[in-house]
Amino acid sequence: MKITRLTTYHAAPRWLFLKIETDEGITGWGEPVLEGRASTVEAAVHELADQLIGKDPAHINDLWQTMYRGSFYRGGAILMSAIAGIDQALWDIKGKALGVPVYELLGGRVRDKMKTYRWVGGDRPSEIIAQMRDLKAKGFDTFKFNGTEELAIIDRPAKVDAAVAKVAEIRAALGHEVDFGIDFHGRVSAPMARVLLRELEPLRPLFVEEPVLPEQWEYYRPLSDSTAIPLAAGERMYTRFEFKPVLAAGGLSILQPDLSHAGGITECFKIAAMAEASDVALAPHCPLGPVALAACLQLDFVAHNAVLQEQSIGIHYNEGADLLDYVLNPQDFTCQDSYIAALPKPGLGVEIDEQRLIEANKHPPRWRNPLWRHEDGSIAEW
Ligand SMILES: [Mg+2]
């Protein structure tokens, strides 16, 4: 079998899809995208195509190493997202060619169903509580929401109190019928993270995510020494080589590599094993589309340390389309009590509605993340 063509489609809300065709008629799908940089990653994909056209798609390990090592410069958000989407499509092709789901190619399932969680948005606690109640009635019991808006390096106790009061109100309203993680989203500095974690600890969140920016990862260990709340991070780390010193330093309880940013299934399978060796759980980051989610699930079903899967149904970023709008087998993604069963179809297990993508690509979205500023006019982390 030979790779003959790579085609990319932009689609609302902020996604990029990749189709890889072969001379035997089998096609694979990937999602090589970085939120807000879809066109940059797309350019990288088409540059990498020079190393793929005419090659046997079954040689995933060799093609991965060729893409990673074959152009001297490597790593980083753009290149690793491009490799990630290509890697997903190659696994999809291989699974389809052999007639089995990717998790069978990775040694077979370790679990029957995978726990997922839902995002809840809204600025006011009452909005979050209402959404949680509504989703609870539909069978979801695990959630995540943002912990705070912009916060200065040293900020006022009143701002800390407001952030804590929000969580306290949610806990008071719903008790322990629901579980939730709190995303600091890299908005919080190390000094303020220390204060917030202490104040939030009695409210028993499942985890706090990106307690500080990933480039400040040396603070994960001292912060974890100061709190019993499990700390999670990893969505802005892109290779084994980046995760290595972070795991060695300790402090994280949950690793959150993104299967569309960190080199795809091939790389994240290895990152998951590194985490397992450090007694660190896996919760793949996925506020993206259906191919990215399917790739995550393939890994979740073979990684013993996978505990939670993020998914973007109803997420506040999904304007113009939602998770399953471009999917022909949405029933396979049904959530029962927050769990998704192993995807039964060969390859990644997702069937893409290409006609809808062709239509969507006629009006490519230009999603950009919001720009926030502090009260004094200086730029703030979003
Ligand atoms: Mg996050």
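Of note:
- Extension gain (nm, one decimal) between A168 and R221, 0.36 nm per residue minus Cα-Cα: 16.5 nm
- Computed helical MRE - 222 nm, the chain, DSSP H runs ≥ 4 contributing -39500 (n - 2.57), nearest 500: -11000 deg cm²/dmol
- Modelled label reach - A273, point 7 Å along Cα→Cβ, the range 44-74 residues with backbone N closer than 16 Å: 60-62, 64-65
- Binned Cα-Cα distances of the range 284-345, short to long, each 5 Å bin given as a whole percent: 3, 17, 30, 28, 15, 5, 1, 0
- Working from label points 7 Å from Cα in the Cα-to-Cβ sense, the Y317 to E375 distance is 3.0 nm.
- The phi torsions of the range 135-142, fed into the Karplus equation with coefficients 6.51, -1.76 and 1.60 and a -60° offset, translate into couplings of 6, 4, 5, 8, x, 9, 10, 10 Hz, rounded to whole numbers, with Gly and Pro shown as x.
- For the range 104-347, the relative contact order works out to 22 percent when only alpha carbon pairs closer than 8 Å and six or more residues apart are counted.
- Additional length obtainable on full extension of the chain from I154 to D23, 0.36 nm per residue less Cα span: 41.2 nm
- Tail weight of P(r) past 13 Å, computed on alpha-carbon pairs of the range 1-48, percent: 54
- Global geometry of the range 103-144, whether rounded, prolate or oblate, following the gyration tensor of its Cα atoms and the 1.5 cut on a/c: prolate
- Annotation: amide H-H contacts under 5 Å for T27 (H modelled 1.01 Å from N, sequence separation of 5 or more, or interchain): none.
- Cα-Cα separations in the chain greater than 26 Å, expressed as whole percent: 51
- Largest-first ellipsoid semi-axes for the range 3-101, taking √(5λ) over the Cα gyration tensor eigenvalues, angstrom: 20, 16, 11
- Mean separation of Cα contacts under 8 Å, 6 or more apart, over the residue count of the range 153-291: relative contact order %: 18
- Pair E47, W382: separation of 7 Å Cα→Cβ label points (nm): 2.5
- 3J(HN,Hα) along the range 256-263: 10, x, 9, 5, 9, 10, 10, x Hz, from the Karplus curve 6.51 cos²θ - 1.76 cosθ + 1.60 with θ = phi - 60°, whole Hz, x for Gly and Pro.
- Contour excess over end-to-end distance, with Cα ends at A58 and T40 and 0.36 nm allotted per residue: 3.8 nm
- Comparing Cα centroids, the range 56-119 and the range 274-348 end up 14 angstrom apart.
- Sequence-distant contacts, meaning Cα pairs under 8 Å at least 6 residues apart, place the relative contact order of the range 3-101 at 33 percent.
- Phi-derived couplings, Karplus 6.51 cos²θ - 1.76 cosθ + 1.60 at θ = phi - 60°, listed residue by residue for the range 22-28: 10, 6, 9, x, 7, 10, x Hz, with x used for Gly and Pro.
- Order by protection proxy (mean Cβ within 10 Å, highest first), peptides 139-148, 254-263, 297-306, 46-55: 254-263, 297-306, 139-148, 46-55
- Counting DSSP beta bridges with both ends in the chain, the antiparallel % (nearest 5): 50
- Percent of Cα pairs in the range 223-361 per distance bin of 10 Å, from zero to the largest separation: 12, 40, 32, 14, 3, 0.
- Highest to lowest packing among 312-323, 274-285, 231-242, scored as the average C-beta count within 10 Å: 231-242, 274-285, 312-323
- Over the range 51-185: Rg over Rh, Cα atoms, Kirkwood Rh: 1.16
Laboratory data are not the source of any read-out in this text; all were calculated from the coordinates shown. The model shown is predicted, which means the values in this text are computed figures rather than measured ones. A quick note on method: Cβ atoms are made from the backbone with ideal geometry, for glycine too, and the neighbour counts reach across all protein chains shown.
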